[in-house]
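Read the structure below first, then the notes.
The values are calculated or read from the model by the stated rules, or taken from the named source; none is laboratory data. Since the model is a prediction, treat every value here as computed from it, not as a measurement. Backbone-built Cβ (ideal geometry, glycine too); neighbour counts: all protein chains shown. We work out accessible area using only protein heavy atoms, side chains counted, and drop any ligands, DNA or RNA first. Shrake-Rupley method; radii C 1.70, N 1.55, O 1.52, S 1.80 Å.
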Amino acid sequence: MRTVRDVKALRGVVAGWKAAGQSVGVVPTMGALHPGHLSLVSAARAGTDRVIATIFVNPMQFNNPEDLAKYPRTEERDAGMLAAAGVDLLFMPPPEVVYPEGFATSVRVSGLSAELEGMFRPGHFDGVATVVTKLFLMTAADRAFFGEKDWQQLQIVRRLARDLNIPVAITGCPTLREADGLAMSSRNTRLSAADRATAPALHRAMSAAGTVIRNGAPVAEALTRARQEVQRAGFGEVEYLELRGAEGLEPLQMLDRPARILAAAWLGGVRLIDNIDVTR
Ligand code: AMP
């Protein structure tokens, strides 16, 4: 695996692959890798000839400076994991390569970005949309692989690629979970042992709500009960726990189309998000 930190070197490698007729996949990450990230690499390896992974902790998508400062950084370990997983090229740019002096452009997917995460993390998705657009243009990848773990992000990425005619096919990959149901996340390492034991209550409550909603229970009641269960288990604020249309993320009062339950909740100073399919 080769590691490059600047755009010229990146483009040089990719141009060589494309000249040889090889397809290119990209897996964007912020590092602090876990098996969830590696499942995206596997999907990319299965779907394209060459695989680029990117590691960039994007300052533009952190609305909370403390969260940015505390974000785990494990570069060497990450590089070893990616090499072992069969990544061909690791693109790991410093912030000034992505946002040079005078950088003034941003990409906003209106509507979708204002919902859910957007309500609680203002500007977050503008940062995501901008950096993802840049990564698509810098890598010129034919395909890009994103986790369903960040469902709203996946919908936003699909929309921006379509809206801006970026010739990249977006593939969503299933959420990898720990044995107890907790969605794998780089942030899980910040949970205390006691909070780690509490954490699966979020997915458990969402799954229970999903089951009763599928069986015809009133949506609002099922969601209220789930929020209460999460708090009773020991979580702090439940920012949202809602049933939404799977693509447009519109609020749903009944299960009349493909749907997800999406949630964000605080546990011991760590903000956890999750989502599940609730299509009948
Ligand atoms: P991040 O490093 O958190 O920005 O995540 C990089 C990519 O990995 C995103 O597309 C995430 O949706 C995906 N991802 C994160 N956690 C998981 C997981 N548990 N299962 C599958 N994909 C994941």
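A few notes on this one:
- So T29, is it touching a helix residue (DSSP H, G or I) at 6+ places or on another chain (Cβ under 9 Å), modelled with pLDDT of 95 or more, of a type outside the set (A, V, I, L, M, F, W, C) and open to solvent by less than 20 Å² (accessible area, probe 1.4 Å): yes
- Hey, A199 open to solvent by less than 20 Å² (accessible area, probe 1.4 Å), modelled with pLDDT of 95 or more and small (G, A, S) or not: yes
- Qualifying positions in the range 10-37 - farther than 22 Å from T130 by Cβ and more than 9 Å from the ligand (Cβ to nearest atom): G12, V13, A15, G16, W17, K18, A19, A20, G21, Q22, S23
- Selection within the range 144-181: residues that are among the aliphatic types (A, V, I, L, M) and touching a strand residue (DSSP E or B) at 6+ places or on another chain (Cβ under 8 Å). The member of this set that is nearest to the ligand (Cβ to nearest atom) is L176.
- Residue in the range 244-256 that is farther than 30 Å from G47 by Cβ, without any contact (Cβ under 8 Å) to a residue 12 or more places away in the chain, acidic (D, E) and part of a loop (DSSP other than H, G, I, E, B) present: yes
- Taking the conditions (1) open to solvent by 30 Å² or more (accessible area, probe 1.4 Å); (2) among the aliphatic types (A, V, I, L, M); (3) at positive phi in turn, L249 satisfies each one other than (1).
- Just one of the numbered conditions (1) within 13 Å of the ligand (Cβ to nearest atom); (2) touching a strand residue (DSSP E or B) at 6+ places or on another chain (Cβ under 9 Å); (3) open to solvent by 40 Å² or more (accessible area, probe 1.4 Å); (4) not hydrophobic (A, V, I, L, M, F, W, C) is not true of D67: (3).
- Residue in the range 50-64 that is out of contact with any Ser or Thr (no Cβ under 9 Å at 6 or more places or on another chain) and assigned to a strand (DSSP E or B) present: yes
- Annotation note: of R227, R232, R196, the sole residue that is in a helix (DSSP H, G or I), outside the structural domain of L40 (by TED's automatic domain parsing), under 20 Å from E117 (Cα atoms) and of a type in the set (K, R) is R227.
- The range 50-93: number of residues that are polar (S, T, N, Q) and either farther than 22 Å from H124 by Cβ or over 17 Å from the mean Cα position of the chain (by Cα) (or both): 2
- For the range 131-167, the set of residues classified as crowded, with 22+ Cβ neighbours inside 10 Å and in a loop (DSSP other than H, G, I, E, B) consists of A141 only.
- Residue count for the range 37-49, restricted to those that are part of a helix (DSSP H, G or I), under 18 Å from W17 (Cβ atoms) and touching a residue at least 24 places away in the same chain (Cβ under 8 Å): 4.
- Check on G210, open to solvent by less than 70 Å² (accessible area, probe 1.4 Å), at positive phi and not assigned by TED's automatic domain parsing to the domain that holds A32: no
- Each residue in the range 139-178 was checked for being among the polar types (S, T, N, Q), touching a residue at least 60 places away in the same chain (Cβ under 8 Å) and more than 17 Å from A263 (Cα to Cα), and 2 pass.
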